[in-house]
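Q: Here's a structure for you.
The values are calculated or read from the model by the stated rules, or taken from the named source; none is laboratory data. Since the model is a prediction, treat every value here as computed from it, not as a measurement. Cβ: placed from backbone, ideal geometry, glycine included. Neighbour counts: every protein chain shown.
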Amino acid sequence: MIAIGNFFFRYRNFLFIFLYLALFIPSPQIFTETVLGPNYYWYPLIIGLFITISGQLIRGIAISLAYIVRGGLNKKVHADDLITEGLFNHGRNPLYVGNIMMLVGVGILINSMLFMLFFIPLFLFIYQAIVLAEENFLRKKFGSQFDAYCERVNRWWINFNGIGSTMKNMAFKGKRWLIKEYNTQTVWLLGIVIILLFYYPQLTGGDEILRNNIGITACAILAAYYGTIRYLKKSGKWKP
């Protein structure tokens, strides 16, 4: 598993492109009109949005409180420090948990049984392998310090007990969240917009002109958001 994890760690960015495209593979629906009636679409809409937005918020809280560099070194697992503060004091992999929730949420939102039954388990297997590879590195580098951390904090389950105290005693750096996440947020939001407009015609009453106008407006807003954050980052006006 560690060897598999090291392999996928090198190519994990391509994994998200693959999974994003997999969302649009034709598939049987999870929620159907036959079972739930004509308003069935509200189930994947509400449940999917709730889960995927919750995942992004978990990532945001984690990054804003204590940022951990997941980029590695020369495409290999690497860490200069063992980060145990912030949300990492409540779960060892809150960023990965956020990613999983974001993908599960959009999978439900697009109402794809294929994505949920095949691609999500595949994604979980790959993430488990990556985490085991990272833990192997951290255990070798930090030894008993990392072992003590593992005994105290769960690998996947985030324990929110005491989260209020954690946030109260740490500076919440929202700008860091925006600077580090604007690429991910833009792609994620664009995906949600595409799904809502093309998979939920009920929201626009089947009016193609209205759908197109909303789509153009949403793309313009996302482009402005992306350009603004990128400018603030590259110009040095906003620093991580």
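Q: Does the range 107-114 contain any residue that is more than 25 Å from residue 48 (Cβ to Cβ), surrounded by fewer than 21 Cβ atoms within 10 Å (Cβ to Cβ), in contact (Cβ under 8 Å) with a residue 40 or more places away in the chain and not polar (S, T, N, Q)?
A: Of the range 107-114, the ones more than 25 Å from residue 48 (Cβ to Cβ) are none.
The answer is no; no qualifying residue exists.
Q: Next question, about the same structure. Can you name every one of the helices (runs of 4 or more DSSP H) wholly within the range 131-240 that holds 3 or more residues which are buried (at least 17 other Cβ atoms within 10 Å of the Cβ)? I'd like the intermediate steps shown before the answer.
A: Details: elements: 144-152, 163-168, 174-199, 208-234.
Passing ranges, in order: 174-199, 208-234.
Q: Also, I was wondering about something else. Taking interchain pairs and intrachain pairs at least six residues apart, which have beta carbon atoms under 7 angstrom, with the first residue in the range 126-153 and farther than 22 Å from residue 16 by Cβ and the second among the small types (Gly, Ala, Ser) and modelled with pLDDT of 90 or more?
A: Every condition considered, the pairs that remain are 153/91.
Q: Could you check the range 1-117 for helices (runs of 4 or more DSSP H) lying wholly inside it with 3 or more residues that are of a type outside the set (Asp, Glu) and within 20 Å of the chain's Cα centre (by Cα)?
A: Numbers: elements: 2-10, 12-22, 33-36, 42-65, 94-109.
The helices (runs of 4 or more DSSP H) meeting that bar are 2-10, 12-22, 42-65, 94-109.
Listed here are the residues, each with its yes/no results for (1) assigned by TED's automatic domain parsing to the domain that holds residue 101; (2) out of contact with any Lys or Arg (no Cβ under 8 Å at 6 or more places or on another chain).
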position	(1), (2)
130	yes, no
140	yes, yes
143	yes, yes
155	yes, no
180	no, yes
186	no, yes
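Q: Name the residues in the range 1-14 that are out of contact with any Leu (no Cβ under 8 Å at 6 or more places or on another chain) and either surrounded by 17 or more Cβ atoms within 10 Å (Cβ to Cβ) or among the β-branched types (Val, Ile, Thr) (or both), would you? So that I can check it myself, show each step before the final result.
A: Of the range 1-14, the ones out of contact with any Leu (no Cβ under 8 Å at 6 or more places or on another chain) are 3-4, 6-7, 9-14.
Of everything in the range 1-14, those that are out of contact with any Leu (no Cβ under 8 Å at 6 or more places or on another chain) and either surrounded by 17 or more Cβ atoms within 10 Å (Cβ to Cβ) or among the β-branched types (Val, Ile, Thr) (or both) turn out to be 4, 6, 9, 12.
Q: So, one more: Taking the stated definitions as given, is residue 102 closer than 30 Å to residue 201 by Cα and surrounded by 15 or more Cβ atoms within 10 Å (Cβ to Cβ)? I'd like the intermediate steps shown before the answer.
A: On the way: closer than 30 Å to residue 201 by Cα: yes; surrounded by 15 or more Cβ atoms within 10 Å (Cβ to Cβ): yes.
Yes; evaluated as a whole, the condition is true for this residue.
Q: Considering each residue of the range 205-234, count those that are under 20 Å from residue 185 (Cα atoms) and among the polar types (S, T, N, Q), and give that number. Spell out how you get there, then give the answer.
A: Within the range 205-234, the first condition is being under 20 Å from residue 185 (Cα atoms), and the residues that meet it are 214-234.
After this cut, where a residue has to be among the polar types (S, T, N, Q) as well, the list is 217, 228.
Number satisfying all stated conditions: 2.
Q: Considering each of 51, 25, 17 in turn, give the residue that is farther than 20 Å from residue 172 by Cβ, modelled with pLDDT of 95 or more and assigned by TED's automatic domain parsing to the domain that holds residue 148. Talk me through it step by step, then tell me what you get.
A: On the way: 25 fails: modelled with pLDDT of 95 or more; 17 fails: modelled with pLDDT of 95 or more.
Exactly one residue qualifies, and that residue is 51.
Q: Name the residue, out of 85, 33, that is outside the structural domain of residue 190 (by TED's automatic domain parsing), under 23 Å from residue 153 (Cα atoms) and among the charged types (D, E, K, R). Give the derivation first.
A: Values: 33 fails: under 23 Å from residue 153 (Cα atoms).
Result: 85 is the single residue among 85, 33 that is outside the structural domain of residue 190 (by TED's automatic domain parsing), under 23 Å from residue 153 (Cα atoms) and among the charged types (D, E, K, R).
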